[in-house]
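Working notes, structure below.
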Amino acid sequence: MATNRTFTMIKPDAVESGYVGAIIKQIEEAGFRIVAIKKTQLTTERSGQFYAVHRERPFYNDLRTYMASGPIIPMILEKENAVADFRKLIGATNPAQAEEGTIRKLYAKSMEANAIHGSDSDENAEIESNFFFATTEQY
Ligand code: CMP
């Protein structure tokens, strides 16, 4: 059953570039409610755990180093059809292929430094939310 929640994090490149406010404005204007939010920084080890599903991929080591390179903004978001609608809002993983007006098209620097993450399923949204926020029921 769809939970109407998704998980996102604004990545180090976008935080460093000062895009947090603009990105959150776009998220809220698209109808998402912020359920939980914080600013934090991952260690390389925790970053590797978050992206463990990619550990066999050639980009894994660079990715976990990059994701630990600066502060990030993890958030839990709520909206009907949250997972699919949010992935539409952020656009393709590779910003060169992202549609006009999407968050990655507007703010991403590269395939790796692609500004923002969005969960790919309800199940992963819950796992990823629990990775950053202790008890999501309280929100
Ligand atoms: P994200 O949606 O957070 O999921 C995995 C991340 O790995 C992706 O965004 C990118 O930041 C990064 N990445 C780097 N290279 C690749 C690649 N070739 N394919 C997919 N993801 C990549």
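The values are calculated or read from the model by the stated rules, or taken from the named source; none is laboratory data. From a predicted model like this one, the values you see are computed outputs, not experimental measurements. Ideal geometry is used to build each Cβ from the backbone, glycine not excepted, and the neighbour counts take in all protein chains shown. Side chains are part of the model used for accessible areas, which takes the heavy atoms of the whole protein and leaves out ligands, DNA and RNA. Shrake-Rupley method; radii C 1.70, N 1.55, O 1.52, S 1.80 Å.
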Before we move on, is Asn81 of a type in the set (S, T, N, Q) and within 12 Å of the ligand (Cβ to nearest atom)?
-> no
Can we say Ala36 is without any contact (Cβ under 8 Å) to a residue 12 or more places away in the chain, away from the ligand (no atom under 12 Å from the Cβ) and not in a loop (DSSP other than H, G, I, E, B)?
-> no
Conditions: (1) assigned to a helix (DSSP H, G or I); (2) more than 15 Å from the chain's Cα centre (by Cα). Glu80 meets all but one. Number of the miss?
-> (1)
Of the residues Phe32, Phe59, which is over 17 Å from Ala115 (Cα atoms) and either touching a Pro at 6+ places or on another chain (Cβ under 8 Å) or open to solvent by less than 90 Å² (accessible area, probe 1.4 Å) (or both)?
-> Phe32
Hey, could you check the range 96-114 for residues that are more than 10 Å from the ligand (Cβ to nearest atom) and part of a helix (DSSP H, G or I) and say which is least open to solvent (accessible area, probe 1.4 Å)?
-> Ile103
When only residues in the range 115-136 that are of a type in the set (Ser, Thr, Tyr) and away from the ligand (no atom under 16 Å from the Cβ) count, which is nearest to Gly18 (Cα to Cα)?
-> Thr136
Residue in the range 63-76 that is in a helix (DSSP H, G or I) and open to solvent by 50 Å² or more (accessible area, probe 1.4 Å) present = yes
